[in-house]
Every structure is written in structure tokens, then in C-alpha cells.
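See structure below.
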Amino acid sequence: MKPFPVGVLVSGSGTNLQAIINAQEKGNLPISIEVVISNKESAYALERAKNHGIPSFYISHKQYESREKFDQAMHEVLVAHGVELIVLAGFMRLVSPWFVTQWKMKIINTHPALVPSFPGVHAAKQALEYGVKITGCSVFFVDDGVDTGPVIIQAAVPVLSDDTEDSLQARIQVQEHQILPQAIHWIANKELKVEGRKIITPPILHR
Ligand code: GAR
């Protein structure tokens, strides 16, 4: 069977991209990563893509007059590469309603908190400042809101009394690197049932 074609949008270090690449290369994920796009030239994620022979593009959002124009440029590249699912893996820009409409229920995002808690940036810092004892990470379909779309999978991470933003973020990322490939796996295999904003997933046997 033809591997499921995926595009990945990034802005930073790309450890989540690496987790997807590793799962795919080990034969655990029936996908092909057709293209990686970064809005940041210095993103190490671009190096990771090159190291694995994945076509990668730097598209600066600063050269476009509006969010939608930038999204149109990304859209053209994604369509040209035959992508059927877009994964936001540390992509630190909001996408426009136009983009969400073009790719309805075909964009997923990973966020380092148990949404709807702590949306936006610095989610681990927000969790520490709030004083929650448990936080985690979430993978969800992107809608028009900020980290508000239907949730596919979440993992819980305890907050320790001596945690810093970095130590907490690092433990959250260990879990993200498990749940993001899992969510992609379900989508590639068409194993998710969508009931309104409720996503019904198969049982998780091994994590
Ligand atoms: C990840 O923890 C991801 O959840 C977060 O950025 C990090 C990127 O790490 N995204 C957000 O906060 C989006 N609101 P990575 O570049 O090493 O994958």
C-alpha cells in the first residue's frame, strides 16, 4: 500500500519531526514525509530534514503582507508535494482561517500542555506559574481557535517541586514524541472516528 503522504511545518529544533522520522524509518509508521517547511531559516529541523533526504523549504512569513498570503505560499508547496495531512510540529505561528478551511480536519498540532489548559506559547512556564501538579501534552486537529480543536490523544506528566521550565518541558517532550507518531499512525490507517468535536480512537495497547 502507498505510504500516506505527510507534510510537516516547523519553526525550531525539530525533536518532534525527528520522532516522526524515527518511527517511519523503523517501519512503525506507514507514511512518507513529502516535505518540511520552516518559517525560520535557523530552525535545526531543516537540518534534520536534509539529513534524511526530505525536501525542505524555508519560507519567511516576513516577506508576505498578511498571514493568509504566507499561508497561501505554504499551501502551494504542500499541494505540489501531494500532502494529505499537515503536522504542525513546533510551528510557532497561527494559521489563518483560510488555511484551516482549505485543510479541514487535515491539520494536526502538538502542544506541550493538556489543552484547553495553557494555550499559546511557553505552556510549561504557564503550568509552573499556575502551580498545577499535573500537566502534559496534547495532539489535536487544528480549528480556528488557539489550541482549541478536537483532541486526538493526550499524555499526563507530573510537575515536580524542583522543576524549571526547561526540566518540565523536557519531560513533556518525551511523551510528545510518543503520542504524535501514534496520532499520525491512526490517521494514516483511517482508524479515527469523528463524532462532532469528539474523536473516538482505538484502544492504546502499547505506549
Ligand atoms: C514542542 O514541545 C511543541 O509542542 C511546542 O513547541 C515545541 C517544539 O519542539 N509547540 C507549541 O508550543 C505550540 N503552541 P521541537 O521543535 O523540538 O519539536
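Coordinate-derived values only; no laboratory data. Fair warning: this is a prediction, and the values are worked out from it, not measured in the lab. Virtual Cβ from ideal backbone geometry, glycine too; neighbours counted across all protein chains shown.
Which ranges mark the strands (runs of 3 or more DSSP E) fully within segment 125-196 that have 1 or more residues being among the acidic types (D, E)?
Details: elements: 134-141, 151-158, 193-195.
Those strands (runs of 3 or more DSSP E) span 193-195.
For segment 38-54, how many residues are within 24 Å of R93 (Cα to Cα) and more than 14 Å from the ligand (Cβ to nearest atom)? Steps first, please.
First, the residues of segment 38-54 that are within 24 Å of R93 (Cα to Cα): 38-50, 54.
Filter once more, so that each one left must be more than 14 Å from the ligand (Cβ to nearest atom): 41, 50, 54.
Residues that pass the stated criteria total 3.
Assuming L168 fulfils every condition listed in (1) more than 14 Å from G136 (Cβ to Cβ); (2) surrounded by 12 or more Cβ atoms within 10 Å (Cβ to Cβ) apart from one, which condition is it?
(1)
Of the numbered conditions (1) within 20 Å of V36 (Cα to Cα); (2) touching a helix residue (DSSP H, G or I) at 6+ places or on another chain (Cβ under 7 Å); (3) surrounded by fewer than 21 Cβ atoms within 10 Å (Cβ to Cβ), E76 fails exactly one; give the number of that condition.
(2)
I'm trying to understand the selection: among the residues of segment 139-165, which are surrounded by fewer than 21 Cβ atoms within 10 Å (Cβ to Cβ) and touching a Phe, Trp or Tyr at 6+ places or on another chain (Cβ under 7 Å)?
P150, V151, listed by residue number.
Can you confirm whether segment 143-155 contains a residue that is within 16 Å of the ligand (Cβ to nearest atom), touching a residue at least 12 places away in the same chain (Cβ under 8 Å) and in contact with a His (Cβ under 7 Å, 6 or more places away or on another chain)?
Within segment 143-155, one or more residues are within 16 Å of the ligand (Cβ to nearest atom), touching a residue at least 12 places away in the same chain (Cβ under 8 Å) and in contact with a His (Cβ under 7 Å, 6 or more places away or on another chain).
Counting only residues that are in contact with a Leu (Cβ under 9 Å, 6 or more places away or on another chain) and on the phi < 0 side of the Ramachandran plot, how many does segment 79-101 have? Lay out the reasoning, then the answer.
Of the residues in segment 79-101, the ones in contact with a Leu (Cβ under 9 Å, 6 or more places away or on another chain) are 86-91, 93, 95.
With the extra rule that they be on the phi < 0 side of the Ramachandran plot, the set shrinks to 86-89, 91, 93, 95.
Qualifying residue count for the region: 7.
Can you pull out the residues in segment 121-138 that are in contact with an Asp or Glu (Cβ under 9 Å, 6 or more places away or on another chain), surrounded by fewer than 24 Cβ atoms within 10 Å (Cβ to Cβ) and under 21 Å from Q178 (Cα atoms)?
Within segment 121-138, just H122 meets the criteria.
Does S42 qualify as being under 21 Å from L180 (Cβ atoms) and hydroxyl-bearing (S, T, Y)? It would help to see each step written out before you state the result.
On the way: under 21 Å from L180 (Cβ atoms): no; hydroxyl-bearing (S, T, Y): yes.
No: the conditions fail for S42.
Would you tally the residues in segment 86-109 being within 12 Å of the ligand (Cβ to nearest atom) and free of Cβ contacts under 8 Å to residues at least 60 places away in the same chain? Break it down stepwise before answering.
As a first pass, look at segment 86-109 and keep what is within 12 Å of the ligand (Cβ to nearest atom): 87-95, 108-109.
So of that shortlist, the ones also free of Cβ contacts under 8 Å to residues at least 60 places away in the same chain come out as 94-95, 109.
Matching residues across segment 86-109 total 3.
Please work out if V35 is buried (at least 21 other Cβ atoms within 10 Å of the Cβ), away from the ligand (no atom under 16 Å from the Cβ) and under 27 Å from P97 (Cα atoms). Steps first, please.
Values: buried (at least 21 other Cβ atoms within 10 Å of the Cβ): yes; away from the ligand (no atom under 16 Å from the Cβ): yes; under 27 Å from P97 (Cα atoms): yes.
It is true that V35 is buried (at least 21 other Cβ atoms within 10 Å of the Cβ), away from the ligand (no atom under 16 Å from the Cβ) and under 27 Å from P97 (Cα atoms).
Looking at T201 and the list (1) within 15 Å of the ligand (Cβ to nearest atom); (2) among the polar types (S, T, N, Q); (3) free of Cβ contacts under 8 Å to residues at least 60 places away in the same chain, which single condition is not satisfied?
Failing condition for T201: (1).
If V83 satisfies every condition in (1) under 16 Å from the mean Cα position of the chain (by Cα); (2) away from the ligand (no atom under 12 Å from the Cβ); (3) closer than 28 Å to A156 by Cα but one, which is the exception?
Of everything listed in (1) under 16 Å from the mean Cα position of the chain (by Cα); (2) away from the ligand (no atom under 12 Å from the Cβ); (3) closer than 28 Å to A156 by Cα, V83 misses just condition (3).
When the residues of segment 110-120 are narrowed to those that are surrounded by 22 or more Cβ atoms within 10 Å (Cβ to Cβ) and near the ligand (Cβ under 7 Å from one of its atoms), which ends up farthest from the chain's Cα centre (by Cα)?
It comes out as P112.
Could you run through segment 9-18 and say how many residues are within 17 Å of L94 (Cβ to Cβ) and within 10 Å of the ligand (Cβ to nearest atom)? It would help to see each step written out before you state the result.
Taking segment 9-18 as the starting set, the residues that turn out to be within 17 Å of L94 (Cβ to Cβ) are 9-12.
Next, from what is left, pick out any that are within 10 Å of the ligand (Cβ to nearest atom): 10-12.
Result for segment 9-18: 3.
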